[in-house]
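Each remark here refers to the structure printed beneath this line.
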Amino acid sequence: MSEETMVISEVARKFNIENHQLRDWCEVGLVRHKRIGRIRYIFTDEDKKIEKIIELKEKFGKHAPNEMIREELIKANLMSEEQTKIINKDLEEEDTNENSFKEAFLLLAKKIEEMDKKIEKKEQLTLPSENLAEKKDVIEIKEQMNKLEQDNQRLKEVNDQLLKKLDSIHSAMTEIQKEQGKSIWKRMFTK
């Protein structure tokens, strides 16, 4: 078996068939190929087999069962039972590679989701710090209010003392007025 390959589009052009037909034949194991990334390569020693597949599809119809085509290729010595096993093995490996890719993609998606959750948690951790700042402001305001209440209480006490002194002065003045018979108040405010 030759290891030389051609890009699937070149092989399709060479046999005047559509890329998707050749790709389908690769996928069901009728044509030996390899994939590198997203590009499919057909082995050059598959040319006679491809010619025979085209002939069989024209003879039996384009929807002829692939198993029937495979049997005809074996009869024409273009495919052996061993090649069928190898192709099936390659297809299984391709499925495994595709599954590995899917698993890697799912793992990557899971990691991204975990990172999003971590970022969200970090944002939530920063929010309480803002709340802490607000709480700190509230505490400062409460402390200022307590101080103002204390100052207000002191002022009230001073005011009460002043009122008591004023009352005692008033009482003393009233006594003096009674003794002198004249209102001191009148003397102070009259000319």
Test Arg23 against the stated conditions and say whether it is open to solvent by less than 80 Å² (accessible area, probe 1.4 Å) and either in contact (Cβ under 8 Å) with a residue 60 or more places away in the chain or within 41 Å of the chain's Cα centre (by Cα) (or both).
no
Go through (1) farther than 18 Å from Ser80 by Cα; (2) surrounded by 13 or more Cβ atoms within 10 Å (Cβ to Cβ) for Glu55 and report which single condition fails.
(2)
Search result, residues across region 43-77 that are farther than 15 Å from Gln21 by Cβ, in a helix (DSSP H, G or I) and within 47 Å of the chain's Cα centre (by Cα):
Thr44, Glu67
Going through region 34-51 in order, the residues found to be under 14 Å from Ala12 (Cα atoms) and either of a type in the set (Ser, Thr, Tyr) or open to solvent by 20 Å² or more (accessible area, probe 1.4 Å) (or both) are Ile39, Tyr41, Thr44, Asp47, Lys48, Glu51
Count - residues of region 1-20 that are open to solvent by 80 Å² or more (accessible area, probe 1.4 Å) and in contact with a Ser or Thr (Cβ under 6 Å, 6 or more places away or on another chain)
1
Note on Gln83: of the conditions (1) among the polar types (S, T, N, Q); (2) modelled with pLDDT under 80; (3) open to solvent by 100 Å² or more (accessible area, probe 1.4 Å), unmet is (3)
Restricting the search to region 31-42, which residues are outside any loop (DSSP other than H, G, I, E, B) and under 18 Å from His20 (Cβ atoms)?
His33, Arg35, Ile39, Arg40, Tyr41, Ile42
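The values are calculated or read from the model by the stated rules, or taken from the named source; none is laboratory data. What you see is a predicted model; the values in this text were computed from it and never measured. Cβ atoms come from the backbone with ideal geometry, glycine included; neighbour counts cover every protein chain shown. Note: accessible area is taken over every heavy atom of the protein model, side chains too, but ligands, DNA and RNA are not part of it. Shrake-Rupley method; radii C 1.70, N 1.55, O 1.52, S 1.80 Å.
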